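The values are calculated or read from the model by the stated rules, or taken from the named source; none is laboratory data. Quick caveat: nothing in here was measured; it's all calculated off a predicted structure. When we count neighbours, we look across all protein chains shown, and the Cβ atoms used for this are built from the backbone with ideal geometry, even at glycine.
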Amino acid sequence: MAFLSEINTSVAEPAELALFSDPPNQVAVQKIYFSEIRPVSSFDGDTAPLEFAVPGGGNEYIDLRRSRLYLKAKITKADGTALATSEKTGIVNLPLQSLFSQIDVYMNGKCVSQNANNYPWKAYLKVLLSNGFAASNSQLQTQLYYPDKEVLDDPDPAAGRNQGLRGRYVFTQQSRTFDLEGPLYVDCFYLDKYLINGVDLQLRLFRSRNEFVLMSKEASANYKVTILDAVFKACKIRLDSGVLLNHANAITKSPARYHYLKTDIKMMTVSDKTSEVYWDDVWNGRRPSKMYVAFVKQSAVNGSYADNPFNFQHLDLSEIVVTVNGEPTPVRPLKMDFSGNRNYVTALCNLYQASEKWYKDDGLIIDRDQFSKGYAIYAFDLDPSDLGEGYINLVHQANVGVYARFSSPTTETVSALAFCEYPGMLLVDQTREIRQM
């Protein structure tokens, strides 16, 4: 027996031979429990925003990643009466998130979220870009997530060709009450560390239009979603007194630092009869780490009982490229053929690569067949990614643009949707002042 290399003569020992050692003892966290927070005042279940106040006083921390929102709701006619058996009205995908056009999060009075009414797409894209069929067929169903398939714009929930809409209809038909529970996909809820004590949390959830949330085949559709109950389940962490003392001493010298991914969404209107699109300086001088582009009907964005706001159509796109200060990224434009040839495999590979699923025994809800049937999302890695843990991408300034060409002119007005990720940091100092970077 000889070493493969004379340079390396170190010897390894499998863990199964560590017979005389013990794992470390966990004493820092004493208890984890959910504190049920109800809206600060009575609310109009039809239109009014939900507001929650989570006190941060005492010695308990908050695990935002584990915290959840619970809703109980039902679909009715506009006058509040129940749906008849024959009324074919259902709800769009991921309703726990889609019900809200905007979610504002305040920490000690400082807004740490984006004030923009694009939350449904942000939440939906985060789900698509991080989950596979295992989650889709199990835990995502707690949010009434059933993947839309085949004809995504078919508004008939009873006998239509959208399998996901039919699956959700089982729970909502004839004004049945349905309940939902799951996380919030706000950026600051992705912190991988506990939120230190002394930080009060306020949430404001603004409702989406009923025409946006509901799909109906009825000729004179006029329906609404009424929220019957709402609870924010804040995950509280009770710590050992020694840990609290150490943190109290440490924060006098340096603020608590929370690194996380910030996201943003921009939209641009593309008029009908358009063959080419150039979207200049999408992110106002900022260059993100990753970027995704999709197209959706403008009527669905505005709210329509007949259109699915999550139907990302390919629109016979033949070419797309992202430019950084005029330089194409990747080197050549991405070319596709959505005709009978169905040549778009590179775009699909790029999507798996950017979502860090490539070459792993893991995947996305989006497969090769569904990509061209409402899941056409074009991904661009602008920074090296999937290099392991323990590093932060630098913040870059640049003019990032998008150029797209269609094989045939668009037949209706659509919205170009751009979604991006970039590094962010939250600082909490001794006085519990919140700063974002």
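Right, Gly242: assigned to a loop (DSSP other than H, G, I, E, B) and under 30 Å from Leu426 (Cα atoms) or not? In short, no. Once the stretch 77-105 is narrowed to residues that are surrounded by 17 or more Cβ atoms within 10 Å (Cβ to Cβ) and of a type in the set (S, T, N, Q), the residue that is farthest from the chain's Cα centre (by Cα) is Thr89. Taken over the stretch 369-394, residues that are assigned to a helix (DSSP H, G or I) and either at pLDDT 95 or above or buried (at least 17 other Cβ atoms within 10 Å of the Cβ) (or both) amount to 2. The residue pairs whose first member lies in the stretch 421-432 and is aromatic (Phe, Trp, Tyr), whose second member is surrounded by fewer than 17 Cβ atoms within 10 Å (Cβ to Cβ), and whose beta carbons are closer than 6 Å, counting only pairs six or more residues apart or on different chains, do not exist in this structure. Thr252: among the polar types (S, T, N, Q) and touching a strand residue (DSSP E or B) at 6+ places or on another chain (Cβ under 9 Å), yes or no? So Thr252 does not fit the description; no.
Being aliphatic (A, V, I, L, M), in the same structural domain as Pro328 (by TED's automatic domain parsing) and surrounded by 13 or more Cβ atoms within 10 Å (Cβ to Cβ) is the requirement here; does Val277 meet it? Yes; evaluated as a whole, the condition is true for this residue. Here Arg342 meets the list (1) of a type outside the set (S, T, N, Q); (2) surrounded by fewer than 17 Cβ atoms within 10 Å (Cβ to Cβ); (3) closer than 19 Å to Lys149 by Cβ; (4) at pLDDT 95 or above almost entirely, failing just condition (4). Inclusion of Gly56 among residues that are at positive phi and of a type outside the set (Asp, Glu) is not warranted.
Exactly one residue out of Lys224, Lys217 is touching an Asp or Glu at 6+ places or on another chain (Cβ under 6 Å), modelled with pLDDT under 95 and assigned by TED's automatic domain parsing to the domain that holds Leu165, and it is Lys217.
Residues in the stretch 278-317 that are assigned to a helix (DSSP H, G or I) and of a type in the set (A, V, I, L, M): Ala300, Val301. When you check Asn325 against the structure, is it free of Cβ contacts under 8 Å to residues at least 60 places away in the same chain, surrounded by fewer than 19 Cβ atoms within 10 Å (Cβ to Cβ) and not charged (D, E, K, R), yes or no? Spelling it out, it is not the case that Asn325 is free of Cβ contacts under 8 Å to residues at least 60 places away in the same chain, surrounded by fewer than 19 Cβ atoms within 10 Å (Cβ to Cβ) and not charged (D, E, K, R). The residue that is surrounded by the most Cβ atoms within 10 Å (Cβ to Cβ), counting only those in the stretch 32-57 that are polar (S, T, N, Q) and under 25 Å from Gly109 (Cβ atoms), is Ser35. Based on this model, can you work out whether Phe212 counts as assigned to a helix (DSSP H, G or I), surrounded by 21 or more Cβ atoms within 10 Å (Cβ to Cβ) and in contact with a strand residue (DSSP E or B) (Cβ under 8 Å, 6 or more places away or on another chain)? In short, yes. On inspection, Leu83 qualifies as in contact with a helix residue (DSSP H, G or I) (Cβ under 6 Å, 6 or more places away or on another chain), assigned to a loop (DSSP other than H, G, I, E, B) and hydrophobic (A, V, I, L, M, F, W, C).
Based on this model, can you work out whether Asn249 counts as closer than 30 Å to Glu87 by Cβ and not aromatic (Phe, Trp, Tyr)? So Asn249 fails the test. Counting only residues that are assigned to a loop (DSSP other than H, G, I, E, B) and surrounded by 16 or more Cβ atoms within 10 Å (Cβ to Cβ), the stretch 159-199 holds 11 of them. In the set (1) in contact with a strand residue (DSSP E or B) (Cβ under 8 Å, 6 or more places away or on another chain); (2) closer than 25 Å to Asn93 by Cα, Gly303 fails one condition alone, (1). State which residue is surrounded by the fewest Cβ atoms within 10 Å (Cβ to Cβ) when the search covers only the stretch 245-274 and only residues that are among the basic types (Lys, Arg) and part of a strand (DSSP E or B). It comes out as Arg257.
Mind listing whichever residues of the stretch 167-219 are within 19 Å of the chain's Cα centre (by Cα), among the aliphatic types (A, V, I, L, M) and under 26 Å from Arg66 (Cβ atoms)? Result: Leu180, Leu184, Val186, Leu191, Leu203, Leu205.
Residues in the stretch 120-152 that are of a type in the set (Lys, Arg) and in a helix (DSSP H, G or I) were compared, and the one that is farthest from Val296 (Cα to Cα) is Lys126. Looking at Gly424, Gly390, Gly363, Gly326, just one residue is of a type in the set (Gly, Ala, Ser) and over 30 Å from Ala134 (Cβ atoms), and that residue is Gly326.
Among the residues making up the stretch 200-209, those that are assigned to a strand (DSSP E or B) and crowded, with 20+ Cβ neighbours inside 10 Å are Leu201, Leu203, Leu205, Arg207. Looking at Thr346, Thr413, just one residue is in contact with a helix residue (DSSP H, G or I) (Cβ under 9 Å, 6 or more places away or on another chain), closer than 22 Å to Tyr278 by Cβ and of a type in the set (S, T, N, Q), and that residue is Thr413. Among the residues making up the stretch 84-115, those that are touching a Gly at 6+ places or on another chain (Cβ under 9 Å) and over 26 Å from Lys224 (Cα atoms) are Met107, Asn108.
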